[in-house]
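One structure is given below, encoded as structure tokens.
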Amino acid sequence: MNALKALFPFHGGLKTVRHKAESNQQPIQPSALPRRLTVPLRQHIGAIAKPLVQPGDPVLKGQMIGQADGYISAAIHAPTSGVVVAVESRPIPHPSGLPDLCVVIDSDGEDCWIDREPVDYRHRHPSELRNILRNAGVVGLGGAGFPSAVKLNLSGSDDLETLILNGAECEPWITCDDRLMRERAAGIVAGLRVMAHLLKPLDVLIGIEEDKPEAIAAMTEACAGTGYEVRPIPTRYPSGSVKQLVKLLTGKETPVEGLPVDVGVQCFNVATAYTVHRAIDHGEPVISRIVTVTGHVRRPGNIEALLGTSFAELVEQCGGYQEGVERLIMGGPMMGFALHSDEIPVTKAANCILAASAAELAPELPVMPCIRCGACVEACPADLLPQQLYWHARAREFDKAQAHHLLSCIECGCCSYVCPSHIPLVQYYRYAKNEIWAQEKEKQKAELARQRHQARLERLEREKQERETKLRQKAPAKTPLTPDPTGSNIP
């Protein structure tokens, strides 16, 4: 049977101009060793890593400089050997533009590694393997940055039916996963074996968009004899979004505001699988990632960049900017965000640097009133009602927006892309989500304050009762008068 006939198309989506050939024609380049690296301690969803170094400390390549702090957290490591010169807030790649705590390392030029040992995962307890991956800083490299050790822990859950490896890479311009699959397919499959060993799924599927024939061929060859199935999927944005990929490959609908694991599926990015392989089979923590540098640069391509390298250095390695660059975007044009400067560091979530000119950017057109055409509804891959979400977000009716499943919006930008009135719909959704989360935090703070106040009242009442009990115990007992045989009670 043709693999495409066995797929289950999702609602909506777009056919986009791909712009893949600009950067996927050349092999992955190694990164030049920077003189200085600025390594953020928050490169993952969850608690920021706890710094383990201070200014003046020497470090080796691969040495842990930030310890995972809590269950949902991940470690951070030195990308090269050198000396720590600062542990302070520095600008990081984030839509807010706000700084965060970073470890700044001056390279000694020697690139000297820590001692590394491979791990025989077949003879290790699952919890020990997960802890190794947590301490190696393995997180989702598809953009989310969720700690992989948490996703690989299904204790207490039903058996996993399907493990999916996501090689779709549906966003325009980005080709880092494409080149990774072409050049390092064996390493990806080696990491996939470790994941399958931990999760014990019934089926393992690898979804790759059909416009990547070289990647499909390389992964198919690497999977020979494993039972893992490479499945070409239609080239349609956003087929690489987790819920849409789960629907495509399995036909299962992920519950509203639920997770794929709720329907017996777990999904990882191909680059994440490769870092699992490096951590287990080579003892190497995550200190680099492949970054697509494309758009209006002289030599677009993919670079295996050390974390903490400035975007400016990667652009320089690709020949520098061409004239006419108007915006620098981290990620693709659909879901990426504009950067305030190129002097900010590469993180685990930085899969692409797009130097966009006016030709690559959609022209800014005046926003007009909604004409209720329904184009956004037809394009929404999450099967939502974008028009209603827009009205409720604009009116600050956040409870009604939640009732229309606002939090299920994946912010793919399809609705904004097709809107004939040029309404920035996703911006309204992000605003509403932030307001909802802020309100939830305030509710949590208020509830915590109430609980603390109640606990204080109970403590004061308990202390009062204890004092009264002690006073009663200390009070002298009254001696009753003994009757005098003479009839007098005078002592």
Notebook entry, point to check: Which residues, taken from region 69-87, are in a strand (DSSP E or B) and more than 23 Å from the chain's Cα centre (by Cα)?
Noted result: Gly82, Val83, Val84, Val85, Ala86, Val87
Checklist line | Only one of Leu180, Leu205 that is in the same structural domain as Asp120 (by TED's automatic domain parsing), over 24 Å from Asn131 (Cα atoms) and in contact with a Ser or Thr (Cβ under 7 Å, 6 or more places away or on another chain) | finding: Leu205
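List the strands (runs of 3 or more DSSP E) that sit entirely inside region 220-296 and contain at least 3 residues that are closer than 25 Å to Pro126 by Cα.
By residue number, 265-269.
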Next item on the list: Within region 472-479, identify whether any single residue is surrounded by 10 or more Cβ atoms within 10 Å (Cβ to Cβ) and either at pLDDT below 90 or assigned by TED's automatic domain parsing to the domain that holds Gly336 (or both), and answer yes or no.
Entry: no
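Before we move on, is Gln244 crowded, with 24+ Cβ neighbours inside 10 Å, over 29 Å from Gly319 (Cβ atoms) and of a type outside the set (Ser, Thr, Tyr)? Before you say what the answer is, go through the steps one by one.
On the way: crowded, with 24+ Cβ neighbours inside 10 Å: yes; over 29 Å from Gly319 (Cβ atoms): yes; of a type outside the set (Ser, Thr, Tyr): yes.
Yes: the conditions hold for Gln244.
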Next item on the list: Could you look through region 17-71, keep only residues that are in contact with a helix residue (DSSP H, G or I) (Cβ under 6 Å, 6 or more places away or on another chain) and under 25 Å from Phe146 (Cβ atoms), and pick out the one that is surrounded by the most Cβ atoms within 10 Å (Cβ to Cβ)?
Entry: Ala68
Check: Can we say Leu154 is crowded, with 20+ Cβ neighbours inside 10 Å and either touching a residue at least 60 places away in the same chain (Cβ under 8 Å) or assigned to a helix (DSSP H, G or I) (or both)?
Finding: no
Next item on the list: Within region 191-213, work out how many residues are assigned to a helix (DSSP H, G or I) and of a type in the set (Gly, Ala, Ser).
Entry: 2
Item checked: Residues within region 315-361 that are surrounded by 14 or more Cβ atoms within 10 Å (Cβ to Cβ) and among the charged types (D, E, K, R), tallied -> 5
Note to self: Go through (1) surrounded by 21 or more Cβ atoms within 10 Å (Cβ to Cβ); (2) outside any loop (DSSP other than H, G, I, E, B); (3) in contact (Cβ under 8 Å) with a residue 60 or more places away in the chain for Cys170 and report which single condition fails.
What the structure shows: (2)
Notebook entry, point to check: Any chance region 424-446 includes a residue that's under 20 Å from Glu364 (Cα atoms), at pLDDT 90 or above and outside any helix (DSSP H, G or I)?
Noted result: yes
Check: Among Thr175, Thr235, Thr226, which is without any contact (Cβ under 8 Å) to a residue 40 or more places away in the chain and among the hydroxyl-bearing types (Ser, Thr, Tyr)?
Finding: Thr226
Next item on the list: Return the total of residues in region 67-108 being touching a Cys at 6+ places or on another chain (Cβ under 9 Å) and charged (D, E, K, R).
Entry: 2
Check: Looking only at region 199-241, which residues are crowded, with 23+ Cβ neighbours inside 10 Å and under 21 Å from the mean Cα position of the chain (by Cα)?
Finding: Ile206, Gly207, Ile208, Tyr237, Pro238, Ser239, Gly240, Ser241
Notebook entry, point to check: over 30 Å from Gly295 (Cα atoms) and not β-branched (Val, Ile, Thr) - does that describe any residue in region 37-48?
Noted result: yes
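The values are calculated or read from the model by the stated rules, or taken from the named source; none is laboratory data. Computed from a prediction, not measured in an experiment: that's the story for all the values here. Neighbour counts are summed over all protein chains in view; Cβ atoms, including those assigned to glycine, are modelled from backbone coordinates with ideal geometry.
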